[in-house]
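The numbers here are math on the coordinates, done by the rules we state, and not lab data. Since the model is a prediction, treat every value here as computed from it, not as a measurement. Using ideal geometry, Cβ is built from the backbone for each residue, glycine included, and neighbour counts are taken over all protein chains shown.
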Amino acid sequence: MQNSIQAIDGNAGTIQLETKLEDKSVLMMVSDTGPGILEEDIPKIFRADFTKGKKHGTGFGLAFCKQAIEAHGGKIQVKSKIGTGTTFTIVLPIKNIAADQKQIDQERVHASHAENNVENRI
Ligand SMILES: Nc1ncnc2c1ncn2[C@@H]1O[C@H](COP(=O)(O)OP(=O)(O)OP(=O)(O)O)[C@@H](O)[C@H]1O
Ligand SMILES: [Mg+2]
């Protein structure tokens, strides 16, 4: 979002936010009608040391976003066209917390059974 605001840079332009619920994931799209990103820069933008065209950019923004999203099992993709704009799409998996907890509980029961068996043999 911050990047889109900076890309518009006070000029007439639009920023569009879209969310979509799919079967097992949530999609979030941030689109802007800013200047776009050069094709040769696309592979670099998620690097923590890549910043371009900003006075006070650290380059850390997208690197942090990517790391946080991937740590949650998601992904971030970018589509950009010079003179047209940029769209970032974030896909995050929907986790079934109840199912996860059930699995953890079952694993605990198995582990304690295994422990009891060892004790019984001793
Ligand atoms: N929506 C966008 N439109 C045009 N260029 C973008 C856009 N988003 C990112 N970029 C380019 O990618 C670079 C890296 O973005 P990133 O958010 O990682 O760092 P930054 O914005 O430069 O610094 P910081 O996030 O610390 O303010 C930016 O400097 C900019 O050149
Ligand atoms: Mg940024």
Check: What angle do you read, to the nearest 10 degrees and between 0 and 90, between the alpha-carbon axis of helix 61-71 and the longest principal axis of the chain?
Finding: 20
Next item on the list: For a label point 7 Å from the Cα of A114 along Cα→C-beta, name the residues of the range 87-108 whose backbone N is under 16 Å from it.
Entry: 103-108
Item checked: Lysine-lysine proximity count for the chain, Cα under 22 Å, sequence distance 8 or more or distinct chains -> 26
Next item on the list: Treat the count of other C-beta atoms within 10 Å as a stand-in for reagent exposure and order F88, F60 from fewest to most.
Entry: F60, F88
Notebook entry, point to check: When the dipole is taken about the Cα centre of the chain, and only Lys, Arg (+1) and Asp, Glu (-1) are charged at their Cβ, what size is it in debye, to the nearest 20?
Noted result: 260
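Provide the FRET efficiency to the nearest 0.05 for the K75-Q103 pair, computing r from the beta carbons and using R0 = 30 Å.
Working: r = 24 Å, r/R0 = 0.79.
Efficiency, from the Cβ-Cβ distance: 0.80.
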Check: Given the options I90, I69, I104, which has the most mean-square fluctuation in a GNM of the chain, springs set between C-alpha atoms less than 10 angstrom apart?
Finding: I104
